[in-house]
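Remarks on the structure that follows.
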């Protein structure tokens, strides 16, 4: 009994030591992204009274001679102090490429970013696919040859750069806690929706007077939008997202087909060369709906039949594989060939696509509008 | 006693596994709901109704598993990495972040515009190739 208890305690102790060692080692690595750098306690690069520190301070144990060229590019790296890591890394990479000096890449956070930077410096004249960070990542995945920073730096690098890492890492941590709004979804949406007004479509293109519709477009203001339907106008309309406006057609409208446009304080969406039209009629047709396809999981050689309603007169099908026009459509079905999409030939042999299912979103456009609920299916490549 | 030893071992292994996975997994992605992506742009067309373009990426990496799909690009709203070549350069590799679910590419046909489906719209992107001279971010 005592022996077993002692054995169990030993196991527990070993596990605890293992956990401690793991954290200790990992923390040591994490605290200095470039582990081989000796910590000499040298001043942080760029913080020595505005002048560059000596180019070749003594290295520990003679392991690595410090070479930091006192060039304008090196000074530029010191000025790459944006708290946003993307901006900072980009700034450093630009300086490294400009100076054709790959040692400057060590100021980039992360081994992939450094590798990408070195590739950019070394292979500026090479083909595009060899250069980007994505190519590096994909190479890693596809060929199972991990692309990591070499155990010994390609170039001997200043210990001051290692400290610059620390400084940058602090800046990045700070940026994550207080993100720059320009790099958030809200920042993007603010830019995206601040365009002049553009009107794309309505939830249906044929309607009775007095029908509630949704206008889809871009650049709508929070309040004060006005939708013009021929000589009619509906004003004082709000848009919460800048991309849709819910409104009701005037009940007194006469039947007919009208040009439509939106105006607000940013201008007018009216485009005489590409009019957006709305038909007011006593017998409006509904937009198409899609209920299913056959076969349910088509292959590249299949002809697909789409089932639904109000498909007659389809102007085209709009999918995440591209556009097909001149499709044959009856009232309740239409057909097309998967192989008719030009994209198929381009992607069918690409790794990650070949032999796999690829999700496709399907929209059918007709004179009555398009299916408001996109239909999703998979294609077997 | 044997069950006790087993329990102890199981708890220890469990703690080790949790510690192993919990510590290094720190988020380095862009701020949600933006998603980071990378991929080769093999096909790009202008959207005839909206001021944007529709770029098809294959392979497209939203994770370590390659896939394929389109992402829209909106000049002005989609920011470029400074001095890096913007989209329309086919077979170039891009990285960036996109906002999923927003349809930003619309095609004109028959007095109406129809959405050309995409995974979302690019918030910022760029290649690894310097030299475009674009104003960038």
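The values are calculated or read from the model by the stated rules, or taken from the named source; none is laboratory data. Keep in mind it's a predicted model, so treat the numbers as computed, not measured. Every residue, glycine as well, gets a Cβ built from its backbone with ideal geometry; the counts of neighbours run over all protein chains shown.
Structural remarks
- Each residue in region A:1-24 was checked for being modelled with pLDDT under 80 and surrounded by fewer than 12 Cβ atoms within 10 Å (Cβ to Cβ), and 6 of them qualify.
- Evaluation of residue A:286 against (1) touching a residue at least 60 places away in the same chain (Cβ under 8 Å); (2) touching a strand residue (DSSP E or B) at 6+ places or on another chain (Cβ under 6 Å) (one fails), failing number: (2)
- For region A:268-275, the condition of being in contact with a helix residue (DSSP H, G or I) (Cβ under 7 Å, 6 or more places away or on another chain), surrounded by fewer than 19 Cβ atoms within 10 Å (Cβ to Cβ) and more than 10 Å from chain B (Cβ to nearest Cβ) holds for none of the residues.
- Any hit, region A:253-264, residues being under 25 Å from residue A:331 (Cα atoms) and not in a strand (DSSP E or B): yes
- The residues of region B:96-117 that are more than 24 Å from the chain's Cα centre (by Cα) and surrounded by fewer than 24 Cβ atoms within 10 Å (Cβ to Cβ), listed by number, are B:108, B:109, B:110, B:111.
- Number of residues in region B:34-46 that are farther than 19 Å from residue A:188 by Cα and buried (at least 23 other Cβ atoms within 10 Å of the Cβ) equals 3.
- Residue within region A:299-310 that is within 11 Å of another protein chain (Cβ to nearest Cβ), modelled with pLDDT of 90 or more, within 21 Å of residue B:103 (Cβ to Cβ) and in contact with a strand residue (DSSP E or B) (Cβ under 8 Å, 6 or more places away or on another chain) present: no
- Here region A:346-366 is the region considered, the condition is being part of a loop (DSSP other than H, G, I, E, B) and buried (at least 20 other Cβ atoms within 10 Å of the Cβ), and the residue that is nearest to the other protein chains (Cβ to nearest Cβ) is A:352.
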